[in-house]
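Working notes, structure below.
The values are calculated or read from the model by the stated rules, or taken from the named source; none is laboratory data. Fair warning: this is a prediction, and the values are worked out from it, not measured in the lab. No Cβ is skipped: glycine too gets one built from the backbone with ideal geometry, and neighbour counts run over all protein chains shown. Accessible surface is based on the protein model in full, side chains and every heavy atom, while ligands, DNA and RNA are left aside. Shrake-Rupley method; radii C 1.70, N 1.55, O 1.52, S 1.80 Å.
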Amino acid sequence: MSNFSIPLDVTAAEEHLIRFLSVEGVTGQEKNIGLAVCDALKKIGVPDSAIRFDDVNKRIPLPTETGNLIVDIPGTRPGPRLLFSTHLDTVPLCAGAKPRREGDRIVSDGTTALGGDARTGVALLVVVAETLIKHNLPHPPLTLLFTVREESGLHGARELNPADLNGAVMCINVDGQSASDLIVGAVGQENWEVEITGRASHAGVAPEKGISATLVGALGLAEVKRSGWFGKVVKQDGRGTSNIGIFGGKGDKPAGDATNVVTDYAFLKGEARSPEAAFATKIAIGYKEAFVKAQNEVVDDKGDVADVKFSHKPAYPPFELGKDTPIVKRAVKALGILGIEPVYVFSNGGLDANWLDKHGVPTITIGAGQAEIHTIKEYVNLREYEKGCRLGILMATMDD
């Protein structure tokens, strides 16, 4: 099958994309976009019985309107089941997006982000289904997975029941920019947080009677920097990154509310990432040791110190696929047919692929034109979107 024989209706593909970009569905509020996808699938001939929502929203620890959308398409020829995945949700900056075409791009009106991340994937999966059905193309059994809450913690993929994937043996995840980029792996992330409880005192009358939680936090961060655990981390036994994101008080309030009171409470929250899960944990422990050291440096006139409660837990696991993995070989073969040279990418950010791989389905992530994501400058490159659609159709129909 050559580039020119792939029966892609480019106009219909672009219409699907514009339609899905127009439906609001910020993370946790995916009901409307899910229903829009259901409607589109039914119109192209997918029976009601093949379309369902799982109950993952009952397991996600954040309010979530609906579960993952899962579509099972019977094969027209034998072969292992293929999974195609993408995510339904967008970041909050996409609320109210008004997409319009501008040359070879789709852009927003400049007041919001667009939502190409990952509505390009949503449209691509529908285009694949439509093309297979309309042209009666031979293909193995397929499952389409549209996840929820990807943007706020990869929850749809993390909490899904692997049995709902019906034994899929490999996955094509759509969540990237260039069709030539094959994301074959990604870092894992460890989240950490620390609560520091000091002692309030009048900062002018009796500062020595207070224990400043803010100072403990600041000294802890300074120690993290001195010890080489902040930002880009390169040690003899591993590499990764880390960051402090939140430094405040309770309930989104500042740490302290007056300059004349020694701060009695501070809350800090951050992350650590690494290609190796154990090293991400080691970075987090580096933070813990730094805060313990800072705890002992800040004392009141009686020698008392602040109470420091540090915790850390994995957010998502790392993974990396070898070039001989069947799904990687399938993608490379399809790109070759399209005359595109593959670029192997290891991502420094988490993807649904991290969890799908953990669930036992080796997953490669491809691009379909999303660009400048999470900003008001976001756009979709329609040429890359078209390439992505052709790549998806090829990967669904080509022989093993």
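Observations on the structure shown:
- Failed condition for residue 4, given (1) modelled with pLDDT under 95; (2) in a loop (DSSP other than H, G, I, E, B): (2)
- Of the criteria (1) in contact with a strand residue (DSSP E or B) (Cβ under 6 Å, 6 or more places away or on another chain); (2) at pLDDT 95 or above, which one residue 166 fails: (2)
- Positions within segment 118-149 being part of a loop (DSSP other than H, G, I, E, B), in contact with a Gly (Cβ under 9 Å, 6 or more places away or on another chain) and farther than 30 Å from residue 373 by Cα, in sequence order: 138, 139, 140, 141
- Residues of segment 103-126 that are of a type in the set (D, E, K, R) and either closer than 14 Å to residue 25 by Cα or at pLDDT 95 or above (or both): 104, 105, 117, 119.
- Contacts under 8 angstrom Cβ, first residue in segment 319-330 being farther than 13 Å from residue 357 by Cα, partner open to solvent by less than 100 Å² (accessible area, probe 1.4 Å) and modelled with pLDDT under 95, 6 or more apart: 330/398
- Of the candidates 254, 275, the single residue that is over 16 Å from residue 309 (Cα atoms) and modelled with pLDDT under 95 is 254.
- Residue in segment 32-50 that is outside any helix (DSSP H, G or I), open to solvent by 90 Å² or more (accessible area, probe 1.4 Å) and within 29 Å of residue 152 (Cβ to Cβ) present: no
- Residue in segment 150-158 that is assigned to a strand (DSSP E or B) and open to solvent by 10 Å² or more (accessible area, probe 1.4 Å) present: no
- Checking each residue in segment 235-266 for being within 19 Å of residue 288 (Cβ to Cβ), of a type outside the set (A, V, I, L, M) and either open to solvent by less than 40 Å² (accessible area, probe 1.4 Å) or not in a strand (DSSP E or B) (or both) picks out 237, 238, 240, 242, 265.
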